[in-house]
Amino acid sequence: MRETAVTTAPDQTPAVPAGVTRSPLLARPGAVEGEGPDAGVAAHYGDPMREQRLLAEGLAVVDLSHRGVVTVTGPDRLSWLHSITTQMLTGLAPRHSRESLVLSPKGHIEHDLHLVDDGETLWITTEPGSAGPLVAWLDSMRFMLRVEVADVSADWAVLGEPSAAESLPGEALAWRDPWPDLVGDTAAYGPSEGHPATGRAWREVLVPRADLDAVVGERPLAGSWAGEALRVAAWRPRFGFETDHRTIAHELDWLRTAVHLHKGCYRGQETIARVHNLGRPPRRLVFLHLDGSGHTLPERGEAVFAGGERAVGHLTSVARHYEDGPIALALVKRSTDPTIDLVAGGVSAGQEVIVTP
């Protein structure tokens with residue numbers, strides 16, 4: 001991400017992902033629309049570093065209304081999702097949150113589901129543009145079960161805020177991010193103690209889309225750049241950023257929040273079990289401190305080099321942190337020496353190990 005964006009001319013308005021509606025909060029003073037997966041909401045409102053500080057202090061809220069919202073109703077909803085995704089969902093109490101993954105038959109990550117049940121409906125938030133494909137796949141898996149699936153993204157929106165609380169009755173329903181806690185019977189591929197995100201507070205609040213502007217009210221707004229910087233600093237993987245067509249959960253330390261290791265069979269479980277019990281993931285996620293002496297940063301997707309001209313991976317997320325400066329996440333070969341500096345886009349990058357070699 002290059003932080004050189006300026007207000008965009010009308011004929012250069014960023015294209016939003018399919019199924020995404022531009023946020024009414026883009027009409028707020030100073031709003032500069034994001035690009036790529038985060039088009040449709042503000043990248044910032046004129047002062048990214050101040051917005052990030054307010055967010056870290058728990059004073060601001062992030063517009064995530066470009067995220068998809070899917071509902072699953074019917075008495076079989078929890079047992080059904082339990083049977084086809086990676087997390088233990090049976091017995092999930094109302095207003096308690098879970099994260100679960102949809103895997104391909106070969107164990108590659110296809111969807112990341114943020115789940116919270118209100119006692120009658122299971123609510124799922126997904127990456128921008130993912131709601132339609134997710135609903136289509138879920139409908140294909142219903143068979144004779146008593147479930148109904150709907151894409152309600154046109155009627156419901158998401159706001160991100162730094163809170164660690166599950167939503168209480170009478171409050172707006174919210175999904176609480178469990179990262180970096182170990183959820184259920186699982187395993188850590190990164191640090192189990194001393195994780196930089198220990199104590200992290202984050203949740204996604206569901207609000208009627210028509211009420212989005214009123215719900216925010218006078219509360220300070222932070223753009224997607226601010227939320228992304230805090231996510232990268234927390235080593236938190238994001239679907240579509242840290243993932244590609246062959247990513248498995250072990251490479252990103254994603255088992256810790258989203259995978260239960262001893263539950264019934266589901267698509268892709270063989271890969272989860274085989275790599276965990278018998279092997280090591282072929283790649284691993286690393287956190288990078290980028291040299292910030294230049295005016296620009298390397299772009300997400302640029303190659304990462306070690307030892308001269310040898311490419312060992314690629315950048316998955318890039319951000320400017322209000323305290324740590326330029327930072328990034330990268331997916332590299334497992335054999336990459338964790339003690340050496342890397343180079344991305346001509347920029348030197350000191351690495352910290354996330355997933356153990």
Exercise. With no solvent and one equal point scatterer placed on each C-alpha of the range 68-274, evaluate the Debye formula and give log10 I(q)/I(0) for q = 0.11 Å⁻¹, two decimals.
Key: -0.50
Quiz item: What span do the alpha-carbon atoms of the range 282-353 cover on each of the three principal axes, reported in whole Å from largest to smallest?
Solution: 32, 21, 21
Quiz item: Using a Gaussian network for the chain with springs between C-alpha atoms less than 10 Å apart, which of these wobbles most: V232, V347, V102?
Solution: V347
Quiz prompt | Label point distance in nm, T73-D324, each placed 7 Å from Cα along Cα→Cβ | solution = 4.3
Practice problem: Normalising by the residue count of the range 68-274, find the relative contact order in percent from Cα pairs under 8 Å and 6+ residues apart. | Solution: 29
Exercise. Name the residue, out of A172, A319, A154, whose mean-square fluctuation peaks in a Gaussian network model built on the chain with Cα pairs under 10 Å.
Key: A172
Exercise. Using label points projected 7 Å from each Cα along Cα→Cβ, tell me how many nm separate F143 and E309, to one decimal.
Key: 5.5
Quiz prompt | Protection proxy ranking of 348-354, 49-55 - average other beta-carbon atoms within 10 Å, highest first | solution = 49-55, 348-354
Quiz item: So for the pair A15, E218, with labels modelled 7 Å out along Cα→Cβ, what separation do we get in nm?
Solution: 4.2
Quiz item: Extent of the range 105-201 along each principal axis, from alpha carbon coordinates, in Å, largest to smallest?
Solution: 45, 41, 25
Exercise. Write down Rg/Rh for the chain, rounded to two decimals, with Rg from the C-alpha atoms and Rh from the Kirkwood relation over Cα pairs.
Key: 0.95
Practice problem: May I have the extent of the alpha carbons of the range 1-121 along their three principal axes, as whole Å values ordered from largest to smallest? | Solution: 48, 33, 24
Exercise. Report the FRET efficiency, 1/(1 + (r/R0)^6), for D118 and S163, where r is their Cβ-Cβ distance and R0 is 22 Å, rounded to 0.05.
Key: 0.80
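Every read-out reported here was derived from the displayed coordinates using simple, explicitly stated rules and does not represent laboratory data. Bear in mind that the values here come from a model prediction, so they are computed numbers and not experimental data. Backbone-built Cβ (ideal geometry, glycine too); neighbour counts: all protein chains shown.
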